[in-house]
Structure formats: C-alpha cells, structure tokens
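The values are calculated or read from the model by the stated rules, or taken from the named source; none is laboratory data. Just so it is clear, the model here is predicted, and its values are computed rather than measured. Don't worry about glycine lacking a Cβ; one is built from the backbone with ideal geometry, like all the others, and counts go over all protein chains shown.
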Amino acid sequence: MNTNKKLNMTMLCDFYELTMGNGYFKAGYKDRITHFDLFFRNVPDKGGYAIAAGLEQVIEYIQDLHFDPEDIEYLRSRNMFDEGFLDYLANFKFTGDIFAVPEGTPVFPKEPILTVRAPAIQAQLLETYLLLTINHQSLIATKSNRIVRAARGRTVLEFGSRRAQGSSGAIDGARAAYIGGCKGTACTISDQLYGVPAGGTMAHAWVQTFPSQYEAFKTYCEIYPDNAILLVDTYNTLKSGIPDAIKAFNEVLKPKGITKCGIRLDSGDMAYLTREARKMLDEAGWTECKITVSNSLDEILIQDLLLQGAQIDSFGVGERLITARSEPVFGGVYKLVAFEDEQGNVVPKIKLSENVAKITTPHYKKLYRLFANDTGKAIGDWMCTYDEDVTSNLAEDGSLTIFDPDATWKKKTLTSFSAQELQKPIFLNGELVYDMPTLDEIQRYCQAQMETLWDEVKRFDNPHNYYVDLSQKLWDIKYDLLTHHK
C-alpha cells in the first residue's frame, strides 16, 4: 500500500465505472450525451418523507475531478484499458450539467433528487461517489429530523462520533444531522470544517478520577463556571449524584451569581429519574438548571419518555442517529433515463424489472412542487418532460388533476395553487453556477420546508401517502416504453 499518496476521490468509484468508460470509448460513445437520475425508492423507517442532503460534498467532488499520474499508472498495470482511454482520463475534466434539489428539501420516492446530463464516460464515473454521499447524508438528515420532531422543541445534540461507520460517517454525519435539525454535535472536527456547533460535558472517568464525586463536581464548576453541566449517574443518581451537584452549584456558582447550569443522565429509568431530579433541583432553588439525557435514544424512545412526563430539556442522541440504526440504508439509485442522438434529440430510456418498484421513469424531466394558495401547504409533486411545464398541462378552467401514485383512482383537482420547480442548476457546461448557502441557511430552509408538509405526512406510523404524479405526456411515454419492451 502506498501510504504516502494523498487520496484522490476520483478513484473512489466502482471498478465497473472504469471498465464501462473504456467500453464507451472504444465503442465510439465517449461523446454521447446521457441523462442520469439519482432517486430513491422507499422512505426509511416507513416514514412519509426524506430530507435531501450531501450536495455541498458533491460540488467539492466535481470541482476536484482528475486522475493523477499514479492513478493512470495503476490503471495501466491492470492491462485492461485502451491507451487512448488512459490519455482521455489523464486530461479528464467534467463538462456536463448537474441539476439538484437544494439540501434540506423534503423529497419523496421515485423523483430525481439530482440529475446529470453529461457525456457517457463522465456521467458514469460520477455514480459511486454521488450515491454514497447523497445516500449517507440524506439518511442521517432524515433520521435527525424525525428525532428532532419527536423532541417537540427541545434541544437535540448529535453524540454519535464513536459509534459512526468510519471517520467520514462521523464528520459528514454530524453535518447532515445539523441540516435535519440538531443544534450541535460532540464531533469537534465537524465544527472546524462545517461550523456545526461542538460541545460537551464530562465523562464518568472525570468523576472516577477524583477522591470523591463532590470534589469532581466542584472542580469542574470552578474550571467551567459558565458551562457547568455535571454527569450525575456515575454512582447513584438520586442518593449522591444530584445532591453533590446541588452542593457544588451552591458553593461555586451561587456566590458568582450564576444560575445557568445543568445535569446529565446517561443511564437508568429516564422518565422516573428526571421527574425526581426536577423536584430536587427546584426545591434547592435551581429552577433554571437544565436536564440533559443520553443513552441509546431515538425518536420512538424520546416520544415515549415525553408521554410518560419525563422532565427533559435536551437530548444527546448517539448511535441510533449517526448510524440510522433502525434502517441504515437509504437506497438511492442512479439510473440512465435518456440519451441524445446525433441531432440532439432526447431519446427516453427505461429500465424494466419483474419487481414493479424497480421500473424507472424515463426521460429528461422537470420536477415541480404544488402548493395550495389558501394554506401554503404542499399538495403533491409533479413530474413532466423537460420541454413542457405546469401551464401547458392546465385544463381550460385553469385546473390541474393529479393522481395518487399507488392508487390511480384517487385523484385531486387543483384550482387555486402555485407551482415551484424544485431542481436548481448546479453545474452548466462543467462550470459551477450555484451559490452554496451556509449550513445555518440550509437548516433554516429545511425547517421552513417541513412546515409546508401536512402533519399527516409527517406521522411516524402510517403516514399519509404524498402524491408524486406524472404529466400525461410523461405517463404516455413511460407506458409506450413499457409495452414496447415486453
């Protein structure tokens, strides 16, 4: 292994991307313009929506696409690749177009989160990295959003670095969790790189290091009087943990006039312990002391704790967030949907399967979100071909009819609505044209977009089926391809 070589993420691709690229080159297809959609088939945890994330890392990857001399030599050593293809890779530059929904957008199955229009070799080489990035961050952003919603306005912090799948899982996972609504992370480097606020309290080891628990608490309050959050369950939460914390607060913080402080519990019956802790703290006059809990939390447990009257101000959520443990695969795919012939005509392509869910929607498409004018709520999403739009599909009375994707006999006729095209141009002719928002702006955008969804769509159990419909023209094209390839 060459441990001195800096990783070139262009080489983070499935090997068949390169063998297909070589094949396209030798078959004369290297300049053929192709269209690929990145989409997903099922919402994790049987939820009603997902949150798109990972676009910033995709942009950085596209801007750095290149093959180093060492990469070319490695490929040459495999004795599989044409020298002309290797010369092509040595001078590689992305020259295509990319369109994508902004990060933080609620998205739904079978609609394109990201579309690539590029020469065949270029579009194919992007597949692996685009999928691993969008899949991972969308998964964590979606899980984070579910957990944050379960907390009902209480602070949620991402605490999962030590249980993440690798360093990028921890670093980019913290970023995605912030997009989904977390207020901060325990991961220091995610703060340094992305500005996700990092913070922490103490470990059980701190308490165990001192001659007594009280001395550990008192010392910590003296060192960090403005951020005194004490871990009270190293020994016995109610008998010694909270009493020693109150004693330390009284002796160190009270003389300084500091009332902002907190305790954290990491074990035990959280509903019972937090109720008792709140009583003890209030009786001692520490009514502003915040209670934080951690330990294998997720949206279901948080929801149950609050239903049981738990007195919790914030949650530290680790492994079940950063790994999306309940369903740790997002399932996004990257499929060819069209190519352009020598005259520049878009030729739609379809992938068939005996598994109906795997049949793709062909063509170069536009994606719209439809909003009711009276409520501002999203009614459904609507896809059409690139050369049509909502206006051209309206009935004579100005209405638009959309169908339930899984029960076409269910339909809605919209009369007072507005339409917003979801995908934005990111790269055109290989040049970045998108102004990337800050992470805080993405988080605020996500929160605002979530407000446009009906609560029925956001239910954890049996959510309402959100409409994602096709224009009549697009449906006819899909049906013709289905019957033609039988």
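The table below lists the values:
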| item | result |
| --- | --- |
| Conditions (1) touching an Asp or Glu at 6+ places or on another chain (Cβ under 6 Å); (2) aromatic (Phe, Trp, Tyr); (3) farther than 30 Å from GLY96 by Cα: number failed by TRP454 | (1) |
| Test: residue in region 231-244 that is hydrophobic (A, V, I, L, M, F, W, C) and within 30 Å of ASP440 (Cβ to Cβ) | yes |
| All positions within region 93-113 that are under 19 Å from ARG41 (Cα atoms) and polar (S, T, N, Q) | THR105 |
| Residue within region 174-182 that is under 26 Å from ALA310 (Cβ atoms), surrounded by 18 or more Cβ atoms within 10 Å (Cβ to Cβ) and among the β-branched types (Val, Ile, Thr) present | no |
| Residue match in region 288-301 (condition: small (Gly, Ala, Ser) and out of contact with any Asp or Glu (no Cβ under 8 Å at 6 or more places or on another chain)) | no |
| PHE108 vs. criteria closer than 30 Å to LYS366 by Cβ and surrounded by 13 or more Cβ atoms within 10 Å (Cβ to Cβ) | yes |
| Members of region 163-190 that are in a helix (DSSP H, G or I), under 15 Å from SER144 (Cα atoms) and free of Cβ contacts under 8 Å to residues at least 40 places away in the same chain | ILE171 |
| Residue in region 322-339 that is more than 26 Å from the chain's Cα centre (by Cα), surrounded by 15 or more Cβ atoms within 10 Å (Cβ to Cβ) and touching a residue at least 40 places away in the same chain (Cβ under 8 Å) present | yes |
| Qualifying residue in region 58-66 (condition: in a loop (DSSP other than H, G, I, E, B), in the same structural domain as HIS464 (by TED's automatic domain parsing) and crowded, with 19+ Cβ neighbours inside 10 Å) | no |
| Subset of region 441-486 [surrounded by 15 or more Cβ atoms within 10 Å (Cβ to Cβ) and charged (D, E, K, R)] | LYS458, ASP469, LYS473, LYS478 |
| Residues satisfying the stated conditions in region 134-158, i.e. within 13 Å of the chain's Cα centre (by Cα) and surrounded by fewer than 24 Cβ atoms within 10 Å (Cβ to Cβ) | ASN135 |
| Residues that are in contact (Cβ under 8 Å) with a residue 40 or more places away in the chain and of a type outside the set (D, E, K, R), drawn from region 446-461 | CYS446, GLN447, GLN449, MET450, THR452, LEU453, TRP454, VAL457, PHE460 |
| Yes/no for SER353 being of a type in the set (Gly, Ala, Ser), without any contact (Cβ under 8 Å) to a residue 12 or more places away in the chain and more than 20 Å from LEU131 (Cα to Cα) | yes |
| Positions within region 329-350 being of a type in the set (Gly, Ala, Ser) and in a strand (DSSP E or B), in sequence order | GLY332, ALA338 |
| Strands (runs of 3 or more DSSP E) completely within region 360-445 that count 1 or more residues being in contact (Cβ under 8 Å) with a residue 24 or more places away in the chain and of a type in the set (S, T, N, Q) | 378-385, 417-421 |
| Output for region 18-43, where each listed residue is surrounded by fewer than 17 Cβ atoms within 10 Å (Cβ to Cβ), in contact (Cβ under 8 Å) with a residue 60 or more places away in the chain and assigned to a helix (DSSP H, G or I) | THR19 |
| Which numbered condition THR438 fails, given (1) within 25 Å of the chain's Cα centre (by Cα); (2) closer than 29 Å to ASP387 by Cβ; (3) surrounded by fewer than 16 Cβ atoms within 10 Å (Cβ to Cβ); (4) of a type in the set (Val, Ile, Thr) | (2) |
